[in-house]
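The values are calculated or read from the model by the stated rules, or taken from the named source; none is laboratory data. These numbers come from a predicted model, not from an experiment. Note that we place each Cβ from the backbone using ideal geometry, even for glycine, and neighbour counts take in every protein chain shown.
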Amino acid sequence: MQHRPGAPPTIYLTFDDGPNPEWTPQVLDALQETRARGTFFLIDEHINAETAPIVRRIAAEGHAIGLHTGDRWMAMMEPEEIAGKLHHAYGRITAITGTEPCRLFRPHAGWRSATMYEGLETANFRLAGWSWGMWDWNWWQQPRGDRI
């Protein structure tokens, strides 16, 4: 956490691994009820005909969209391949929503590498972390959309 003197307290809500046809709409409903905004880090492979309306809804309701990956292999790719994957996902989301996603990328499980940073720079993306402390969730608690 960071605090800037004179700045109001701010919490950034971020959601990874979507779009998920079951959970993402529940999260969006909860955010809408509380008039909150979030940033959704979407996995390109999860975007398909079934989830495209969810991606459109995320953008239409004023939330930010960043990019995410579902595996650790991206940290081992060459910079050009990483940049290509980011550009591809960016283009797909832009085509679906009519708006450009933010140029943030969140790696799977926080796995990073020098080549990943080079690829991010080539693609004009910034790396986004997720938490001040790890393990801020509970494996044994059943997930529910109302626990935001």
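Filter the stretch 1-38 for residues that are surrounded by 10 or more Cβ atoms within 10 Å (Cβ to Cβ) and of a type in the set (Lys, Arg) and give the result.
Within the stretch 1-38, just 37 meets the criteria.
Please tell me if residue 82 is buried (at least 19 other Cβ atoms within 10 Å of the Cβ), touching a strand residue (DSSP E or B) at 6+ places or on another chain (Cβ under 7 Å), under 19 Å from residue 104 (Cα atoms) and in contact (Cβ under 8 Å) with a residue 24 or more places away in the chain.
So residue 82 does not fit the description; no.
Return a yes/no flag: does the stretch 70-83 have any residue that is under 17 Å from the mean Cα position of the chain (by Cα), under 14 Å from residue 41 (Cα atoms) and modelled with pLDDT under 95.
Taking every residue of the stretch 70-83 in turn, at least one turns out to be under 17 Å from the mean Cα position of the chain (by Cα), under 14 Å from residue 41 (Cα atoms) and modelled with pLDDT under 95.
Given (1) under 14 Å from residue 119 (Cβ atoms); (2) in contact with a Leu (Cβ under 7 Å, 6 or more places away or on another chain), where does residue 66 come up short, assuming only one miss?
(1)
How many of the residues making up the stretch 38-65 are in a helix (DSSP H, G or I) and among the charged types (D, E, K, R)?
4
Please pick out the residue among 99, 122, 94 that is part of a loop (DSSP other than H, G, I, E, B) and at pLDDT 95 or above.
Only one candidate passes the filter, namely 99.
Assess whether residue 104 counts as being more than 20 Å from residue 27 (Cα to Cα), touching a residue at least 40 places away in the same chain (Cβ under 8 Å) and among the aliphatic types (A, V, I, L, M).
Here the answer is yes, as residue 104 does meet what is asked.
Identify all residues within the stretch 5-37 that are outside any strand (DSSP E or B) and β-branched (Val, Ile, Thr); write none if there are none.
Scanning the stretch 5-37 gives 10, 11, 24, 27, 34.
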